[in-house]
Each structure stands twice: as C-alpha cells, then as structure tokens.
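Following: one structure in structure tokens, then a few remarks.
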Amino acid sequence: MTIERAFTILAVLLVVVAATFLWRDNISAAFVSGALGAVAWFLGYRFRLRAGFPATQEDQKESIEDNDKLHE
C-alpha cells in the first residue's frame with residue numbers, strides 16, 4: 001500500500017467518523033474529525049503530486065549524500 005492510498009483511506013474513515021458525530025449531535029467532534037479528514041486528503045494529494053514530478057538536482061544531491069553516509 002502506498003502512502004497516498006493510506007492517507008486517502010484515513011481521510012474517508014475520518015469523514016465517516018465526522019458524519020457519525022454529526023448524526024449524534026456532537027458538532028465539535030464532527031468538526032475536528034472532518035478537519036482532520038480534510039488534512040489527510042490534502043496530504044495524500046500532495047504525496048501523489050510530488051511523486052508525479054521528476055526529482056530536482058538538489059533532491060538528487062541530497063539522496064546521493066545520504067546514500068554515501070549510509071555506506072561509510
């Protein structure tokens with residue numbers, strides 16, 4: 001399972017929890033869980049977009065430096 005899918009699943013679960021809280025007239029808990037669901041969705045979307053872009057030269061340099069440090 002990729003991180004994007006994990007955040008999407010978490011977002012759906014939190015929205016369902018928010019709907020349940022709203023059904024039980026617990027508005028503050030519904031707002032908090034709904035807001036967390038929105039944040040999880042945006043994080044999943046961010047990871048999906050970031051995976052679509054090629055790595056920049058700075059990212060590649062950092063990756064090479066990190067890899068060299070691991071093999072020392």
Check your understanding: How far apart, in nm, are two points set 7 Å out from the Cα along the Cα-to-Cβ line at Val39 and at Leu13?
Key -> 1.6 nm
Review point. What nm value, rounded to one decimal, do you get for the distance between Leu22 and Leu49 when each label is placed 7 Å out toward the C-beta?
Key: 2.5 nm
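Readers should treat all values here as calculations from the given coordinates under stated rules, not as data from a laboratory. The model shown is predicted, which means the values in this text are computed figures rather than measured ones. Heads up, the Cβs are rebuilt from the backbone with ideal geometry, glycines too, and the neighbour counts pull from every protein chain shown.
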